[in-house]
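The values are calculated or read from the model by the stated rules, or taken from the named source; none is laboratory data. What you are looking at is a predicted structure, and each value in this text was computed from that prediction instead of being measured. Neighbour counts run over all protein chains shown; Cβ positions are idealised from the backbone, glycine included.
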Amino acid sequence: MKQERDIVCRCEEVTREEIMEAIRLGDDSLDAIKKRTRAGMGFCQGRTCKRLIAQILSAYYHLPVDQFLPGSIRLPIMPIRLSLLAETVDGAVESEEGGEVHAPDSH
Amino acid sequence: MKHYDVIVVGAGPAGLGAAIEAGRQGAKVLLLDENDRPGGQLFKQIHKFFGSREHYAGTRGFAIGRQLLQEAEEAGVEIHLGRRVWGIFPDGSVTAANDTESVRYQGSYLILATGASENALAFPGCTLPGVMTAGAAQTFANVHHVLPGQNIVMVGSGNVGLIVTYQLLQAGANVKAILEAAPKLSGYAVHAGKVRRAGVPVLLSHTVTRAMGDGSLEAVEIAQVDEHFAPIPGTEQVIPCDTLCLAVGLTPRVELADVSGCDLVWSGPLGGKLPRHNRHMESSRSNILVAGDLAGIEEASTALDEGRLAGTRAAYRLGLLDVGTYEGRRAEIQGRLDRLRQGPFGEKRRRAKEEVWKA
């Protein structure tokens, strides 16, 4: 069986060694590590790896883990196609049957 | 723009409880969920709940889910599914998208019931197919009726690890061991008893150190850990298996609360950073309430009642309830929550909750 990599951020395939190297280069926050390695910038937006990286930082700096969480969170909080983002419509949505159920209020 | 009295994000037990209570008082309620069906984790819960009758003791999770959906319908709650809420803006508007459109909604009150996500562990081989969270295994088995594998190792002896182990056994899998990093079991004795009677070994002070396999999981290496949870060299053993389930805790999903400006506080016993809130479930933002696992990891029954508290509070602040009726209703729900937070496990959560209220 081949040796498996020790991946911490699976969306961006960032390994524990890459995280440790970033910390050795002076990164002391989730945001700094994210900017250097892309850890936390993938599809799940750090939902899986942020806590793990915070634990690594906590062990390295001997500081409580909560000091490193939750890192900066920005809109949109989950992946969305740019075309949809640009064309966000007001309140009229289709019902489950596919028919229009709510006319948008005038404003 | 479409305007609602109350917009609830998340249709698990907390969100359903909130929507039902606000709707019953006459509020115009919108309930949004990213999944294609409501109920959150309830529909994965095939076991009977315990507690008292008012907490649906003896009823299986999915049946509670069905009953809540019916109550929501009777309360006139509008439910939009398959919509991922991606933003909350300073004017209070909420934006949600599916694959074809993104929609903006406006609400007077916003109740966040976004739940929790499962914690992960990182170790060599953790991305091999066959390594998954316990919740994923439960979705495989209980929702899609597919066994994730035949020979399973579970990491974590909390209630999730114990319940999922038992359900995988019931579904015909062989659970080879439960690993627990702590020196004692962390779940309820009633769940632990079931898996022990079924003969599943529980290895205390043990964790997984490596997953191995060519293309998919074939074995895991485990090791004993010291009091700092560090693996002790020389104690490694290899267990052949095709599935490794991680049941190592939950983290409140605070993204929406954070971007909408709610203050966060840390509570270890409640799962991590969570929105600071008072006993009325109001966050630090005046029109945003929180409930359920987002407000601290507990259980489905506490989530439901916290949702009911939040929904009732929103209805009161909308002027739909007089103060006397509100106080009566609040005391009734709070009484149930207090009873759920009794016993050695509940007591710890109750104290942690009080710390949050004081923060």
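Restricting attention to region B:16-58 and to residues that are among the charged types (D, E, K, R) and assigned to a helix (DSSP H, G or I), the residue that is surrounded by the most Cβ atoms within 10 Å (Cβ to Cβ) turns out to be B:GLU21. Of the residues making up region B:273-305, just one is of a type in the set (Ser, Thr, Tyr), surrounded by 24 or more Cβ atoms within 10 Å (Cβ to Cβ) and touching a strand residue (DSSP E or B) at 6+ places or on another chain (Cβ under 8 Å), namely B:SER283. Looking only at region B:310-317, decide whether some residue is under 26 Å from A:PRO70 (Cβ atoms) and touching a helix residue (DSSP H, G or I) at 6+ places or on another chain (Cβ under 6 Å). Yes, region B:310-317 has at least one match. Within region B:143-157, can one find any residue that is buried (at least 24 other Cβ atoms within 10 Å of the Cβ), over 24 Å from the mean Cα position of the chain (by Cα), farther than 30 Å from A:LEU84 by Cα and of a type in the set (Gly, Ala, Ser)? Looking for residues that are buried (at least 24 other Cβ atoms within 10 Å of the Cβ), over 24 Å from the mean Cα position of the chain (by Cα), farther than 30 Å from A:LEU84 by Cα and of a type in the set (Gly, Ala, Ser), one finds none in region B:143-157, hence no. Only a single criterion out of (1) in a strand (DSSP E or B); (2) more than 18 Å from A:CYS44 (Cβ to Cβ) is not satisfied by B:THR251, namely (2).
Every test in (1) assigned to a strand (DSSP E or B); (2) within 14 Å of chain A (Cβ to nearest Cβ); (3) of a type outside the set (Ser, Thr, Tyr) is passed by B:LEU121 save one, and that test is (1).
When you look at B:MET154, is it farther than 30 Å from B:GLY26 by Cα and touching a Pro at 6+ places or on another chain (Cβ under 7 Å), yes or no? Before you say what the answer is, go through the steps one by one.
Values: farther than 30 Å from B:GLY26 by Cα: yes; touching a Pro at 6+ places or on another chain (Cβ under 7 Å): no.
Against the criterion (farther than 30 Å from B:GLY26 by Cα and touching a Pro at 6+ places or on another chain (Cβ under 7 Å)), B:MET154 does not qualify.
Being more than 9 Å from chain B (Cβ to nearest Cβ), in contact with a Cys (Cβ under 7 Å, 6 or more places away or on another chain) and not aliphatic (A, V, I, L, M), is that true of even one residue in region A:58-74? The answer is no, given that none of the residues of region A:58-74 is more than 9 Å from chain B (Cβ to nearest Cβ), in contact with a Cys (Cβ under 7 Å, 6 or more places away or on another chain) and not aliphatic (A, V, I, L, M). Checked against the criterion of being free of Cβ contacts under 8 Å to residues at least 40 places away in the same chain and within 30 Å of B:GLY343 (Cα to Cα), the candidates B:SER157, B:SER186 yield just one match: B:SER186.
Out of the residues in region B:67-90 meeting the condition of being over 18 Å from B:LYS28 (Cβ atoms) and away from chain A (no Cβ under 12 Å), tell me which one is surrounded by the most Cβ atoms within 10 Å (Cβ to Cβ). Result: B:LEU68.
Consider region A:1-36. How many of its residues are within 11 Å of chain B (Cβ to nearest Cβ), within 19 Å of A:GLY71 (Cα to Cα) and among the basic types (Lys, Arg)? Counting residues in region A:1-36 that are within 11 Å of chain B (Cβ to nearest Cβ), within 19 Å of A:GLY71 (Cα to Cα) and among the basic types (Lys, Arg) gives 2. Which ones in region B:320-350 are over 22 Å from B:SER283 (Cα atoms) and either among the polar types (S, T, N, Q) or not assigned by TED's automatic domain parsing to the domain that holds B:LEU16 (or both)? Across region B:320-350, the qualifying residues are B:THR325, B:GLN342. Within region B:237-248, restricting attention to residues that are hydrophobic (A, V, I, L, M, F, W, C) and not in a strand (DSSP E or B), the residue that is surrounded by the most Cβ atoms within 10 Å (Cβ to Cβ) is B:ALA247. Limited to region A:22-43, what total is found for residues that are more than 10 Å from the chain's Cα centre (by Cα) and assigned to a loop (DSSP other than H, G, I, E, B)? Result for region A:22-43: 5. B:ILE111 meets all of the listed conditions (1) buried (at least 22 other Cβ atoms within 10 Å of the Cβ); (2) closer than 30 Å to A:LEU52 by Cα; (3) within 8 Å of chain A (Cβ to nearest Cβ) but one, namely (3).
Among the conditions (1) surrounded by fewer than 21 Cβ atoms within 10 Å (Cβ to Cβ); (2) on the phi < 0 side of the Ramachandran plot; (3) away from chain A (no Cβ under 14 Å), B:GLY199 misses just one, which is (2). Out of B:ARG317, B:ARG276, report the one residue that is in contact with a Cys (Cβ under 8 Å, 6 or more places away or on another chain), more than 30 Å from B:LEU217 (Cβ to Cβ) and either at pLDDT 95 or above or assigned by TED's automatic domain parsing to the domain that holds B:MET154 (or both). Only one candidate passes the filter, namely B:ARG276.
Restricting A:LEU75, A:LEU57, A:LEU85 to those that are modelled with pLDDT under 95, over 14 Å from the mean Cα position of the chain (by Cα) and surrounded by 15 or more Cβ atoms within 10 Å (Cβ to Cβ) reduces the list to A:LEU85.
The residues on offer are B:ALA120, B:ALA96, B:ALA63, B:ALA113, and the sole one that is under 20 Å from B:LEU337 (Cα atoms) and small (Gly, Ala, Ser) is B:ALA113.
Of the residues making up region B:132-149, one or more are within 14 Å of another protein chain (Cβ to nearest Cβ) and more than 25 Å from B:GLY296 (Cβ to Cβ).
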